[in-house]
1. How large are Rg and Dmax for region 91-182 when only the alpha carbon atoms are used, in Å?
2. Can you figure out the FRET efficiency of THR135 with ILE44, using R₀ = 30 Å and their beta-carbon distance, to the nearest 0.05?
3. Name the residues of region 45-66 whose amide N is less than 15 Å from a point 7 angstrom out from the Cα of VAL78 along the C-beta direction?
4. Give me the percent of accessible area attributable to carbon and sulfur for region 57-133, probe 1.4 angstrom.
5. Leaving ligands and nucleic acids out of the surface, order GLU26, GLU87, GLU145 by accessible area at 1.4 Å, largest first.
6. Quick one: 3J(HN,Hα) in Hz for region 160-170, Karplus 6.51/-1.76/1.60 with θ = phi - 60°, rounded, Gly and Pro as x.
7. Between LEU171 and HIS69, what length comes free when the chain is fully extended (0.36 nm per residue of separation minus the Cα-Cα distance, one decimal in nm)?
8. Provide the FRET efficiency to the nearest 0.05 for the ALA181-ALA23 pair, computing r from the beta carbons and using R0 = 35 Å.
Amino acid sequence: MAKSRTSCDNTKSAVGYIGRSLAVFELLLSSSVGRWAPLPLRLIVGYGFAAHGFAKLLRGADNFTGILHAMGLPVPHVFAWITIVTEIVGGFCVLLGALVPIVSIPMAIVLLVAIFTVHLPYGFSSIKLQAITPTGAHFGQPGYETDLLYLAGLVALVIGGSGPFAVDNWLHRRLAAASGAARGAVGRQNDLDV
């Protein structure tokens, strides 16, 4: 009898756990909580881009120009600066949720160029542990996995919006108010014309 009671208690406990888990899941899917989903995307994508841009800048633009020249890209000095500015300015814009649909275009181009000129030959995986030695872990060349993750993050932000605390929301409200005021002025002018 004691075994049967324990089994029943375990079943009730499991059902209770599943019920609580579903309640948490429903809460996360609710619009009040779900609207926060873009925020972590903005933080990681924006910070990642800005960090890569500043790293290139701090090592020296000429260093990155040399890398682009070695890869055979035309006008490497110009492309080096375009890349650095895109990563830094685009990163800050994404962090702030400002003009995300616009800045995502050059950011996506930078990622696609990186995929097709650097990472594609090394396959998908960005982490390739080759050996662990007394000096630490040694990794192989990174693939295009991380670039695809950044692209997916940008696409999600463009399609789903920048979420709360975004400059884009403020701009949208300002434009809507200005548009409404302009429509009201046109309507009043039409009333006067009649």
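1. 19.0, 70
2. 0.50
3. Flagged as within label range: none.
4. 77 percent
5. On the way: GLU26 125, GLU87 15, GLU145 55 Å².
Final ranking, largest accessible area leading: GLU26, GLU145, GLU87.
6. x, x, 7, x, x, 6, 10, 4, 4, 5, 5
7. Residue separation times 0.36 nm, minus the Cα-Cα distance, leaves 32.7 nm.
8. Efficiency for this residue pair is about 0.20.
The values are calculated or read from the model by the stated rules, or taken from the named source; none is laboratory data. Keep in mind the model is a prediction, meaning the values are calculated, not measured. Virtual Cβ from ideal backbone geometry, glycine too; neighbours counted across all protein chains shown. The area values use the complete protein model at the heavy-atom level, side chains included, leaving out ligands, DNA and RNA. Shrake-Rupley method; radii C 1.70, N 1.55, O 1.52, S 1.80 Å.
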